[in-house]
There are 4 protein chains.
Amino acid sequence: MSEEQYRHEIAHLARIELHTPDPDGTLWFFKDLLGMYETQREGQSVYLRGYEDPYQWSLKITEGPVARMDHAALRTTSPEALERRVRSLQDGNYEGTWHEDEFGYGKTYEFITPDGHQMNLLWEAEKYRAPEELRSKILSRPSKKPLQGLPIKRIDHLNLLASDVTPVKDSFERHLRLRTNERVVDGEVEAGVWMSSSQLSHDVAVMRDARGAQGRLHHVAFYYGVQQHTVDAAEMFRDYDITIEAGPDRHGITQSSFLYVFEPGGNRIELFGDPGMLILEPDFETRTWTMDQIDTGTAIGGTNLPQETYFTYGTPPVDPDPDEDAQ
Amino acid sequence: MSEEQYRHEIAHLARIELHTPDPDGTLWFFKDLLGMYETQREGQSVYLRGYEDPYQWSLKITEGPVARMDHAALRTTSPEALERRVRSLQDGNYEGTWHEDEFGYGKTYEFITPDGHQMNLLWEAEKYRAPEELRSKILSRPSKKPLQGLPIKRIDHLNLLASDVTPVKDSFERHLRLRTNERVVDGEVEAGVWMSSSQLSHDVAVMRDARGAQGRLHHVAFYYGVQQHTVDAAEMFRDYDITIEAGPDRHGITQSSFLYVFEPGGNRIELFGDPGMLILEPDFETRTWTMDQIDTGTAIGGTNLPQETYFTYGTPPVDPDPDEDAQ
Amino acid sequence: MSEEQYRHEIAHLARIELHTPDPDGTLWFFKDLLGMYETQREGQSVYLRGYEDPYQWSLKITEGPVARMDHAALRTTSPEALERRVRSLQDGNYEGTWHEDEFGYGKTYEFITPDGHQMNLLWEAEKYRAPEELRSKILSRPSKKPLQGLPIKRIDHLNLLASDVTPVKDSFERHLRLRTNERVVDGEVEAGVWMSSSQLSHDVAVMRDARGAQGRLHHVAFYYGVQQHTVDAAEMFRDYDITIEAGPDRHGITQSSFLYVFEPGGNRIELFGDPGMLILEPDFETRTWTMDQIDTGTAIGGTNLPQETYFTYGTPPVDPDPDEDAQ
Amino acid sequence: MSEEQYRHEIAHLARIELHTPDPDGTLWFFKDLLGMYETQREGQSVYLRGYEDPYQWSLKITEGPVARMDHAALRTTSPEALERRVRSLQDGNYEGTWHEDEFGYGKTYEFITPDGHQMNLLWEAEKYRAPEELRSKILSRPSKKPLQGLPIKRIDHLNLLASDVTPVKDSFERHLRLRTNERVVDGEVEAGVWMSSSQLSHDVAVMRDARGAQGRLHHVAFYYGVQQHTVDAAEMFRDYDITIEAGPDRHGITQSSFLYVFEPGGNRIELFGDPGMLILEPDFETRTWTMDQIDTGTAIGGTNLPQETYFTYGTPPVDPDPDEDAQ
């Protein structure tokens, strides 16, 4: 069977590890404000999950000198899909490595994107089983919605900055079999791509790094499922001194509702309301936005994404640019 | 490659044909209240699409002596998937037929479920291309949201009544490779199943027909994407004399928001707010609800689904039962 | 100046005292689930306020042998209005008494309605001043929205059961100068009235007690301000074992969004989403609903208010009726 | 009785007359997009009402050379209140005039604010009576919600620009007995005031005109009652080429949800979601925002009100400023 046949190899974003120079602040943000459950502590790391995350954790917070993404992991749709994707990467001369040392997950293949992001692929993931007191009457829900803060349901998607978008996109298309649902072109240059192999508008996005840096994180998104909750969250963030960068509003690209904030460690976090467009057509055609259409693309409402941060700030921050003053 | 490998063969519900004894009323319901666009008229039939339906039509209304579903069609994820599914059906002694006579769609395989419902499988579907004045600035949207009524986005899912749920479920699992996400059991008997091969909580559901009839339609659902719109719709239906059966509320099963009404011809229609649970895990385990859990299963809020209609009324209606007085 | 001139004498419902046989359960309900702040404890009583209640407390929970309302207090629009209302009551031979013994409130006039409910009128109310850490950046907000449960903003309105609605209504119209915004008539009998002198659809409602008892409480309502929060609350109540009686849905009468539950002590509590109709016309004409219109009156959506509880259960419960099985 | 006693003399904003150089565009905006009913045409004017406006009209559109407010009218709480307010204005040397020439309204007193806005006071207003086919089952609703566009319920409030805010505020406090609920001060200067005598956060606001012009309109607001509808409206405006200035978001001042657009004639229109804060306390204390708090004051979410238009553009536009490029 040819690679063409493999249209649904990546199931979803399973987890991310973030580094933070302010672990107390970062944990307060995710636990007290966003209602994530702590499932494990080991060394300098704390493992968290939202009440609908299916596995032991979706977010690992590790103390470190600088805010950044350590790695993100995609789960494949089957063990065979994992083998196929690794073989494809190896055929493409990606020098990845296998390891199996993370709490709650099994054998994992780690590789580096053409722009320097550490990505993981895995199949083996331990399902979270709630103790009696956290069990929900809603059987599809792995645990009760907590009474703390404005709880997010689960991790949603990843948005990477890249010095050059196209090679990252090409590698994701070729080796992970992700589909490019939407893209922004600035003349001949790809300025952003939104990719999935599922019905989500995107599991991974890649946007051009206006600072030209390599391998940075733009944001990771957590899912509410209800747009009103992004409005509620904005009010909470405002009163609890979390900097709101933009939103709540709705992107034209992906049609999803967004709210961007900076967690106390400095990583940009998106709160994701309803999922926006679900892609039911199996042969969805890539939509290409040009710069004259970008206003609708960035926001359907009145939001102007702030130039001074949105397109330049990522983690790890890069220094000596006098123009940058994120947060 | 074994059948085990084919986990994502059915993309989504593409279209349904409903018969109605009151075509004027039915068209007023779908066009004036639900804002569907008319794309074609032929003989006794009118073809309609929601503003985000990707193809020429998702709903065909045909004048007929009695309210019922004529057929529903699922689109496969590839042309090869269509061939595989047809082969499987044929191997299973389903005597289906190929035809190619519907506006906007190509070669279609028609077969009958073990309970008598006419189902179609197809790959070839003509994408809808909006004329200039209906083109949306939101590039992933096939046409502008109209200014008429409370427009639904698109068709969502199908719910069939069956005299015996299990054989229908078995055939959908085996031949269509649908996954049973949730089921209700009443002792040893399967009372309902919710199936998909995608991230939707269900593309097709099958529920036990309390009247024991065969091959009936429980409802077809149309998608708003926003729960508030089911609240708005309830108000519209109330004031425009459309009978509301139940909702707006949220099912525990599927976690989706619902509103059930009867269109003037007599078919039950669901208005579907947000999608509820999206199933990202590729190895999602079937949840089984028992009758002592059914309260949460049927509604998270205070709704009691009306016994006298919800579990007994379907189309075509079956007559001489003094207990039944739907609408 | 004649009484006719005094159209706006009652400002709003300021507070209520509820008795509960299960003080721990009741406090868990109001503090952990509904996010109310505790501001005082004295003897068998705990004083609570929502984050937008302007005074020291809006809800006093007192341990007692049976669930019931001890009293409710309306604040007048001025000190002079209080004097006028008391004079009118006294002229009407209501034998009230002045007292001044409640935490956070001053001189209060207590009287008994024709059906036996204890009502209070007052002007003097101490404004709540938040300590630094609870101060909100939103200056009109007396305190930060807490991170606990699904916090209600404030108390909203009171709904009384009466063996005979009309004398209570008459006394409220005559002596409190409340306006009857809407009423339900069952033949010649008034079955319910919704009254305010403000722009709210009602500060006080009175409904016929189907059990014929006197002086009971139907419910007290707390305000969210956003309909989605009643949906969120229903999910919370479902998973945390609070019995939902009806809703979320919207009444035709008052156009307000409702959710009815029983707190663990047994009192019925309404969670009130958006306020529904605001009455801006100063000469709003009373709307009278007849029994053939009552379906829309009770709910715009599909809710059927449960006959076995909604029209018969109140607190204190009345016993030996075999038909009653509330909760 | 002293003036101090008259705390509730103005009931609400009843109507506004706007001039437009593009009457076809303006009528398309209010009728096709915002679902207002036309109730009358006379000469160059068309009279419109939202489906919950209680009178014959709330908006009169008149063709004219330049976009501007012709006048706005407040309804008093009683005929006596009208007499008192007129007497107070006359005592304050306002040279107003009585007239009685508007469709659907009676005797009206017209006066000019210290900054030059034409304001009307009136009591006599003819209630709208819907013909049978427009009658709603919801008895408090004067007419059915139409099936056209995203229908607003009714007019809500008025926001005036003034070269000097304080004299206008003083006159409204003294002569109309409006209460200043919130204000913004820039050093010693009042930059904005939000006033009502009701439970609404404001019936009238006055903001400093950064262009120093006199007697201009900032915006008139129409009410949805549901925040989601401002999100829906933003999407409609985006796709139907109406310029969105800012929002949807929520102001800290008034806590209300906003969306600002320019109707085709050039007047700024606000779509108002839920009412935000309702002021139940009769002795609500004026909140004063200083410039260091203004971020939260202008928006709780991430909106930055656009400096180049929001604080400078009003109607009628004032010309020769090269910086101004509204729309």
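Key figures for this structure:
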read-out: Sole exception among (1) at pLDDT below 95; (2) under 26 Å from B:Thr230 (Cβ atoms); (3) among the polar types (S, T, N, Q) for B:Ser140, by number; value: (1)
read-out: Subset of the range C:79-137 [among the hydroxyl-bearing types (Ser, Thr, Tyr) and assigned to a strand (DSSP E or B)]; value: C:Thr97, C:Tyr105, C:Thr108, C:Tyr109
read-out: Condition broken by C:Gly266, with the remaining ones in (1) farther than 22 Å from C:Ala73 by Cα; (2) among the small types (Gly, Ala, Ser); (3) in contact (Cβ under 8 Å) with a residue 60 or more places away in the chain satisfied; value: (1)
read-out: Any chance C:Met36 is among the hydrophobic types (A, V, I, L, M, F, W, C), within 14 Å of another protein chain (Cβ to nearest Cβ) and surrounded by 15 or more Cβ atoms within 10 Å (Cβ to Cβ); value: yes
read-out: Top-ranked residue in the range B:180-197 [being surrounded by fewer than 21 Cβ atoms within 10 Å (Cβ to Cβ) and more than 13 Å from chain A (Cβ to nearest Cβ); ranked as nearest to B:Ile10 (Cα to Cα)]; value: B:Ala191
read-out: Residue match in the range A:63-72 (condition: β-branched (Val, Ile, Thr) and in a strand (DSSP E or B)); value: no
read-out: Where C:Trp57 falls short, out of the listed (1) part of a loop (DSSP other than H, G, I, E, B); (2) in contact (Cβ under 8 Å) with a residue 12 or more places away in the chain; (3) farther than 20 Å from D:Ile279 by Cβ; (4) more than 14 Å from every other protein chain (Cβ to nearest Cβ); value: (3)
read-out: Search result, residues across the range A:17-54 that are more than 17 Å from the chain's Cα centre (by Cα) and of a type in the set (Asp, Glu); value: A:Asp22, A:Asp24, A:Asp32, A:Glu38, A:Glu42
read-out: Unmet criterion (only one of (1) crowded, with 19+ Cβ neighbours inside 10 Å; (2) under 23 Å from B:Glu281 (Cα atoms); (3) more than 14 Å from every other protein chain (Cβ to nearest Cβ); (4) touching a residue at least 60 places away in the same chain (Cβ under 8 Å)) for A:Met119; value: (4)
read-out: Among (1) within 14 Å of chain B (Cβ to nearest Cβ); (2) under 22 Å from A:Gly116 (Cα atoms) - the single one A:Tyr51 does not satisfy; value: (2)
read-out: Residues of the range B:10-26 classified as surrounded by 21 or more Cβ atoms within 10 Å (Cβ to Cβ) and assigned to a helix (DSSP H, G or I), total; value: 1
read-out: Pair list, Cβ under 8 Å, 6 or more apart: the range A:294-318 residue within 12 Å of chain D (Cβ to nearest Cβ), other residue among the basic types (Lys, Arg) and assigned to a helix (DSSP H, G or I); value: A:Thr296/D:Arg238; A:Ile300/D:Arg238; A:Gly301/D:Arg238
read-out: A:Gly92 touching a His at 6+ places or on another chain (Cβ under 9 Å), under 29 Å from A:Asp209 (Cβ atoms) and surrounded by fewer than 23 Cβ atoms within 10 Å (Cβ to Cβ); value: yes
read-out: Given (1) touching a Ser or Thr at 6+ places or on another chain (Cβ under 7 Å); (2) away from chain D (no Cβ under 14 Å); (3) of a type in the set (Lys, Arg), number of the condition C:Arg7 does not satisfy; value: (2)
read-out: Among the candidates C:Thr108, C:Thr113, C:Thr76, residue that is in contact with a Lys or Arg (Cβ under 7 Å, 6 or more places away or on another chain), buried (at least 17 other Cβ atoms within 10 Å of the Cβ) and among the β-branched types (Val, Ile, Thr); value: C:Thr76
read-out: Any chance A:Pro275 is within 14 Å of chain C (Cβ to nearest Cβ) and either surrounded by 24 or more Cβ atoms within 10 Å (Cβ to Cβ) or not aromatic (Phe, Trp, Tyr) (or both); value: no
read-out: Filtered residues of the range D:29-48 (kept if closer than 17 Å to D:Gln118 by Cβ and touching a helix residue (DSSP H, G or I) at 6+ places or on another chain (Cβ under 7 Å)); value: none
read-out: Failed item in (1) buried (at least 22 other Cβ atoms within 10 Å of the Cβ); (2) of a type in the set (A, V, I, L, M); (3) within 30 Å of A:Lys60 (Cβ to Cβ), with A:Ala299 passing the rest; value: (3)
read-out: Some residue of the range B:146-160 being in contact (Cβ under 8 Å) with a residue 40 or more places away in the chain, touching an Asp or Glu at 6+ places or on another chain (Cβ under 7 Å), within 14 Å of chain A (Cβ to nearest Cβ) and farther than 30 Å from A:Asn181 by Cβ; value: no
read-out: Lone unmet requirement of (1) away from every other protein chain (no Cβ under 11 Å); (2) crowded, with 17+ Cβ neighbours inside 10 Å; (3) of a type outside the set (Lys, Arg) for C:Pro282; value: (1)
read-out: Complete set of residues in the range C:212-251 that are β-branched (Val, Ile, Thr) and more than 16 Å from C:His157 (Cβ to Cβ); value: C:Val226, C:Val231, C:Ile242, C:Thr243, C:Ile244
read-out: Any hit, the range C:301-309, residues being outside any loop (DSSP other than H, G, I, E, B), at pLDDT 95 or above and acidic (Asp, Glu); value: no
read-out: The range D:189-205 residues that are among the hydrophobic types (A, V, I, L, M, F, W, C), paired with ones that are modelled with pLDDT under 95 (beta carbon under 7 Å, 6 or more apart); value: D:Leu200/D:Pro275
read-out: Subset tally (residues that are surrounded by fewer than 24 Cβ atoms within 10 Å (Cβ to Cβ) and closer than 18 Å to D:Leu121 by Cβ) for the range D:206-216; value: 1
read-out: Given (1) in a loop (DSSP other than H, G, I, E, B); (2) aromatic (Phe, Trp, Tyr); (3) surrounded by fewer than 18 Cβ atoms within 10 Å (Cβ to Cβ), index of the condition A:Tyr51 fails; value: (3)
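Here is a yes/no grid of residues against (1) of a type in the set (A, V, I, L, M); (2) closer than 24 Å to C:His71 by Cα; (3) part of a strand (DSSP E or B); (4) modelled with pLDDT under 95:
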residue: C:Ile152; (1), (2), (3), (4): yes, yes, no, no
residue: C:Leu160; (1), (2), (3), (4): yes, yes, yes, no
residue: C:Thr166; (1), (2), (3), (4): no, yes, no, no
residue: C:Glu173; (1), (2), (3), (4): no, yes, no, no
residue: C:Thr180; (1), (2), (3), (4): no, yes, yes, no
residue: C:Val185; (1), (2), (3), (4): yes, no, yes, no
residue: C:Ser198; (1), (2), (3), (4): no, yes, no, yes
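The values are calculated or read from the model by the stated rules, or taken from the named source; none is laboratory data. What you see is a predicted model, and the numbers here were worked out from it, not measured in a lab. For neighbour counting, all protein chains shown are included, and Cβ atoms are generated from backbone atoms with ideal geometry for every residue, glycine included.
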